[in-house]
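As structure tokens, the structure follows; a few thoughts come after it.
The values are calculated or read from the model by the stated rules, or taken from the named source; none is laboratory data. Small disclaimer: the values here were computed from a predicted structure and weren't measured. We place every Cβ from the backbone using ideal geometry, glycine too, and count neighbours over all the protein chains shown.
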Amino acid sequence: MMDLRENGPETATEMTDYNFAYLDEQTKRMIRRAILKGLAIPGYQVPFASREMPMPYGWGTGGVQVSAATLTPEDTFKVIDQGADDTTNAVSIRKFFERTAGVATTEETSKASVIQTRHRIPEEPLREDQILVYQVPIPEPLRFLEPSEVETRKMHSLEEYGLMHVKLYEDISRHGAIATAYAYPVKVEGRYVMDPSPIPKFDNPKLEMAAIQLFGAGREQRIYALPPWCRVVSLDFEDYPFEASKADAPCDLCGADDSYLDEVIMDDSGTRMFVCSDTDYCASRRAAGHVGAQGAIEQEGAA
Amino acid sequence: MIQGETNGPLLSVRGVTHMYGKRIGCADVHFDLYPGEVMGIVGESGSGKSTLLNCLAGHLVPDRGEVLFEMRDGAVKDTVTMSEPERRMLGRTDWAFVHQHARDGLRMNVSAGGNVGERLMAVGARHYGGIRAEAVDWLDRVEIAESRVDDRPTQFSGGMQQRLQIARNLVTGPRLVFMDEPTGGLDVSVQARLLDLLRGLVREMGLSAIIVTHDLAVVRLLADRLMVMKDGQVVETGLTDQVLDDPQHAYTQLLVSSVLQV
């Protein structure tokens, strides 16, 4: 342990128990290589030697490893889970890095330099000095159509993506529209078909952004990446074009009609309200004086 | 059945040999298949006919020999040495492979329409309405009602699954069809209808086909020429009627005389 720490970067904090950001330097180096390869081949799934992390698979072990390899002591870290900063997954990962890396954390999107996310892209446009790290459960977009990994790899390498459209065809024939609402497949730079992790398809157009996007799948041992402003096209049919959909209502707290909404059931009689899934976006809008249909009531209740 | 446009054979097989370790799969097979011609390969189980078919269709790599195929642009290429993307492209455009068991050739959890449309989408069709219309048209041609287009193959009978497999394969207008026991496991009345359908499609589309079977009645109906295999070797070739009516090789004589006369 001591040796590893001495090889690591100097940390000004009172770190005594862990190497900076939990992982040893050799592991971080291995992950960084995978990240660089992923950035060089946008959308390509790079295999990497995923480590055991002190949390179960499915809780973001891939994202955590990518974040660990990306963070520097000067970074400010933000974690969101379904857009929210205050859910279990987000809170525990944020605490994990507070303890093991001693980095500053924030809930404000604009102040963060590294943002780890599960299932959402923040509403506020990201800048080129920011990095967005996704937690990915199943990186292979073809998995549910073709169970063999050998075969899917061959399909990627030979660019045989007809099967992806079979899935969309099935959607339309069964539901009358492309019913895939999240993990909507995209084609990156006209080459690799990629699973954007289970973000709602509302977020798909935002995948073309200024920030670097890194995707980590711990259990499946894959890392992939999108460099800034990489061309990302959602797959569709000519007569059934891609549509970024969301609940057709404004946020009941902040009144925003351009953000992705969660539907919350309020009582047993079926009263429901729509609220922004991005808590920071909603909070900063309310701080700026925007009020939704039920926002006023909420404020009175709190006061 | 030999058609005039190009005089060369569509497929030339030159000395194809495939070994399973020290045992022979098929040995030194030579033949030419001309456009519009249907070739039958018969023989008992283990005679190497399926091995040969898989070597020709690119599923197995032969140890020796050449499989020369005349591409759409007229160039003749060895499919054994061509690049894998090119071979797989052939597999979804110019070639079709009908498996004995329909479940090997179908996606069982995808609707009939999706199964037929897959090849179209694989070669770049991106118009849902167009793909669906084509699928419905093909289901009609193989006598599957339009109302079944959104049903999954699991809800189809064995004969319907086999017909669906044929529609799925023929939708891109292939020039060469490989069939491995296409009527195996079907009862005789269903077999008869399937054969009728195949015969119609072969004539109508001018398909070339290689049919592997152990059922002599199938080749009698479908094949122009016949090749008899035994222990991995070709023991007799000739026009179908000639071989069946006047078998020369002892094994062919045994095969022909073994057919039950009803």
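Computed quantities for the displayed model
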| quantity | calculated |
| --- | --- |
| Residues that are under 14 Å from A:Asp278 (Cα atoms) and free of Cβ contacts under 8 Å to residues at least 12 places away in the same chain, drawn from segment A:73-114 | A:Thr87 |
| Those residues of segment A:109-128 which are more than 20 Å from A:Cys230 (Cβ to Cβ) and exposed (fewer than 14 other Cβ atoms within 10 Å of the Cβ), in sequence order | A:Lys111 |
| From B:His30, B:His59, residue being of a type outside the set (A, V, I, L, M, F, W, C) and under 16 Å from the mean Cα position of the chain (by Cα) | B:His59 |
| Residues satisfying the stated conditions in segment B:110-127, i.e. touching a Gly at 6+ places or on another chain (Cβ under 7 Å) and of a type in the set (D, E, K, R) | B:Glu118 |
| Boolean, A:Thr76 is among the hydroxyl-bearing types (Ser, Thr, Tyr) and at pLDDT 95 or above | yes |
| Single residue of segment A:172-190 satisfying the filter (in a helix (DSSP H, G or I) and loosely packed, with under 15 Cβ neighbours inside 10 Å) that is nearest to the other protein chains (Cβ to nearest Cβ) | A:Arg174 |
| Qualifying positions in segment B:131-161 - within 8 Å of another protein chain (Cβ to nearest Cβ), outside any helix (DSSP H, G or I) and of a type in the set (A, V, I, L, M, F, W, C) | B:Val149 |
| Any hit, segment A:133-140, residues being in a loop (DSSP other than H, G, I, E, B), away from every other protein chain (no Cβ under 14 Å), surrounded by fewer than 17 Cβ atoms within 10 Å (Cβ to Cβ) and free of Cβ contacts under 8 Å to residues at least 24 places away in the same chain | no |
| Odd one out for B:Ser83 among (1) free of Cβ contacts under 8 Å to residues at least 40 places away in the same chain; (2) more than 14 Å from chain A (Cβ to nearest Cβ) | (2) |
| So B:Leu164, is it more than 13 Å from chain A (Cβ to nearest Cβ), touching a residue at least 60 places away in the same chain (Cβ under 8 Å), within 21 Å of A:Arg174 (Cβ to Cβ) and of a type outside the set (Ser, Thr, Tyr) | yes |
| Residues satisfying the stated conditions in segment B:86-130, i.e. more than 7 Å from chain A (Cβ to nearest Cβ), in a helix (DSSP H, G or I) and hydrophobic (A, V, I, L, M, F, W, C) | B:Met89, B:Leu90, B:Ala102, B:Ala112, B:Val116, B:Leu120 |
| Members of segment A:191-205 that are more than 12 Å from the chain's Cα centre (by Cα) and either part of a helix (DSSP H, G or I) or not basic (Lys, Arg) (or both) | A:Tyr192, A:Val193, A:Met194, A:Lys201, A:Phe202, A:Pro205 |
| Among the residues listed as A:Leu235, A:Leu214, A:Leu226, the single one being touching a residue at least 12 places away in the same chain (Cβ under 8 Å), more than 19 Å from A:Leu142 (Cβ to Cβ) and either of a type outside the set (S, T, N, Q) or surrounded by 20 or more Cβ atoms within 10 Å (Cβ to Cβ) (or both) | A:Leu214 |
| Where a residue in segment B:38-63 is outside the structural domain of B:Ala217 (by TED's automatic domain parsing) and assigned to a helix (DSSP H, G or I) and its partner, wherever it lies, is among the aromatic types (Phe, Trp, Tyr) and at pLDDT 95 or above, with Cβ under 6 Å and at least six apart | none |
